[in-house]
1. So is Val324 closer than 24 Å to Ala157 by Cβ, surrounded by fewer than 24 Cβ atoms within 10 Å (Cβ to Cβ) and touching a Gly at 6+ places or on another chain (Cβ under 9 Å) or not?
2. Any residue in region 80-102 that is assigned to a strand (DSSP E or B) and over 19 Å from Pro12 (Cα atoms)?
3. With the requirement that a residue be surrounded by fewer than 23 Cβ atoms within 10 Å (Cβ to Cβ) and part of a helix (DSSP H, G or I), what does region 172-189 give you?
4. Anything in region 155-171 that is assigned to a helix (DSSP H, G or I) and within 21 Å of the chain's Cα centre (by Cα)? List them, or say none.
5. Restricting the search to region 350-379, which residues are away from the ligand (no atom under 16 Å from the Cβ), in contact with a helix residue (DSSP H, G or I) (Cβ under 7 Å, 6 or more places away or on another chain) and part of a helix (DSSP H, G or I)?
6. Out of all the residues in region 379-403, which are farther than 20 Å from Val234 by Cα, charged (D, E, K, R) and out of contact with any Leu (no Cβ under 8 Å at 6 or more places or on another chain)?
7. Take Glu55 and tell me if it is under 30 Å from Gly201 (Cβ atoms), among the charged types (D, E, K, R), within 16 Å of the ligand (Cβ to nearest atom) and surrounded by 16 or more Cβ atoms within 10 Å (Cβ to Cβ).
8. Tell me which residues, restricted to region 190-225, are under 21 Å from Val350 (Cα atoms) and not polar (S, T, N, Q).
Amino acid sequence: MTISLYRTAPRPRRVAVLSVHTSPLEQPGTGDAGGMNVYITQTAIEMARSGVSVEVFTRATSSEQPPVAELAPGVIVRHIPAGPFEPLERHELPAQLCAFTSGVLRTEAFHEPGYYDLIHSHYWISGQVGWLARDRWGVPLVHTAHTLAKVKNAALAEGDKPEPRTRVIGEQQVVAEADRLVVNTDVEADQLIRLYDADPGSVRTVSPGVDLHTFRPGSKAAARQALDLPADAVVLAFVGRIQPLKAPDVLLNAAARLLRRHPWLRRRLVVLIAGGPSGTAMGQPTALRELASSLGIAELTRFLPPQSGQRLVQVYRAADVVAVPSYNESFGLVALEAQACGTPVVAAEVGGLPVAVDHGVSGILVPSHSADDWAGALDLVALSPHRRAQLATGALRHAERFSWKRTTDALLDAYTEATSAFQGAALGVAV
Ligand code: UDP
């Protein structure tokens with residue numbers, strides 16, 4: 001018998017969000033901090049606004065962090081000691097999961113029973129913790145993978161290190177255990193079902209959002225002045241964690257090709273790169289600068305350290321084009337942020353980027369990573385004012401379709417469904 005309990009399950013009052021390997025309090029754009037941190041922060045704030053308290057559990061990486069910090073009204077971050085008070089490599093974290101889980105369970109044990117109504121884990125390492133806490137507390141587990149090892153390994157940059165088998169196994173376990181799996185796009189839903197045997201009934205597609213109050217159009221001239229860029233420059237920007245997977249080298253190679261096509265451009269071209277080293281690039285922080293030198297464009301390339309959201313707005317507004325050349329991208333928040341500022345995007349046609357960018361309307365999708373193809377696409381947008389103006393209008397319209405409020409409302413629906421499914425399973429009825 002199938003009884004629909006979806007509408008009867010109440011919204012959670014308090015959600016435990018698990019983010020073991022990175023904290024929403026960290027500056028995104030380097031190391032392990034990126035789109036997931038922004039996602040957790042923005043959806044937590046929106047949840048609190050709609051009356052749902054959020055407690056984020058993350059591993060303490062410094063003895064100076066308070067046990068509890070307020071992120072925003074209704075949102076706290078709990079720093080759980082697990083291993084040394086210092087950053088750990090991601091592959092070292094599974095060894096700390098017992099300590100972390102014990103910290104999470106102890107926190108809950110200080111409260112009255114039923115303190116948390118639901119667990120939302122982010123990334124497979126947190127899913128492992130969530131699975132155990134779910135069984136102990138008798139509440140549903142919602143999981144978001146953010147990236148998947150099998151997908152990443154199928155599209156590695158040349159020379160990049162594959163994700164280990166332990167991660168694949170860990171992901172598989174979480175997929176089997178979670179009550180609902182939230183994915184960014186239907187492509188990712190299909191990957192979970194095809195590659196990880198996920199039950200299609202438990203997968204929910206929820207588009208990420210963009211902070212439309214922060215990322216909005218503004219004066220290009222003022223942004224260039226703020227960044228000390230010439231008013232008449234042709235600016236190609238890359239924003240994000242600098243690692244082989246994100247392929248900022250594709251932009252540099254394409255910029256060098258563009259100069260070969262248009263030698264006059266040398267006087268005006270600026271390649272702006274905002275972000276810090278991450279992943280396998282941590283060991284080679286100067287590799288990109290060396291590449292710029294070897295391509296003869298070092299003096300045209302400007303590197304900015306990881307920027308706050310307010311400063312990024314200036315980067316997006318100053319740019320003629322924002323490039324997202326990644327080999328894989330489960331969504332690509334940078335693409336949405338740039339478009340929300342009215343800047344067209346040239347992106348690789350991979351993962352969620354075809355959802356984040358409307359090809360021909362808000363930007364251009366490039367089906368390869370070849371420098372020639374990229375130079376062609378950049379040429380089309382950056383050097384054609386008419387085309388760029390058309391795409392800029394399309395970019396704004398496209399970005400307006402996404403907001404964190406919309407994401408959060410859909411997440412809350414997934415929570416209600418997960419609660420119904422969980423309660424139904426406890427009662428022995430199918431939902
Ligand atoms: N970001 C930032 N400062 C920087 C570079 C990036 O705050 O200097 C943020 C950016 O605004 C975006 C996130 O990092 O929200 C990157 O998300 P994306 O989905 O593009 O990539 P991910 O990091 O998830 O791989």
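The values are calculated or read from the model by the stated rules, or taken from the named source; none is laboratory data. Computed from a prediction, not measured in an experiment: that's the story for all the values here. No Cβ is skipped: glycine too gets one built from the backbone with ideal geometry, and neighbour counts run over all protein chains shown.
1. So Val324 does not fit the description; no.
2. yes
3. Of everything in region 172-189, those that are surrounded by fewer than 23 Cβ atoms within 10 Å (Cβ to Cβ) and part of a helix (DSSP H, G or I) turn out to be Gln172, Gln173, Ala176, Glu177, Asp186, Val187, Ala189.
4. Arg167, Val168, Gly170, Glu171
5. Hits for region 350-379 are Ala371, Asp372, Trp374, Ala375, Leu378, Asp379.
6. Result: Arg397, Arg401.
7. Spelling it out, it is not the case that Glu55 is under 30 Å from Gly201 (Cβ atoms), among the charged types (D, E, K, R), within 16 Å of the ligand (Cβ to nearest atom) and surrounded by 16 or more Cβ atoms within 10 Å (Cβ to Cβ).
8. First pass over region 190-225, keeping only residues under 21 Å from Val350 (Cα atoms): 190-196, 203-210.
Hits for region 190-225 are Asp190, Leu192, Ile193, Arg194, Leu195, Tyr196, Val203, Arg204, Val206, Pro208, Gly209, Val210.
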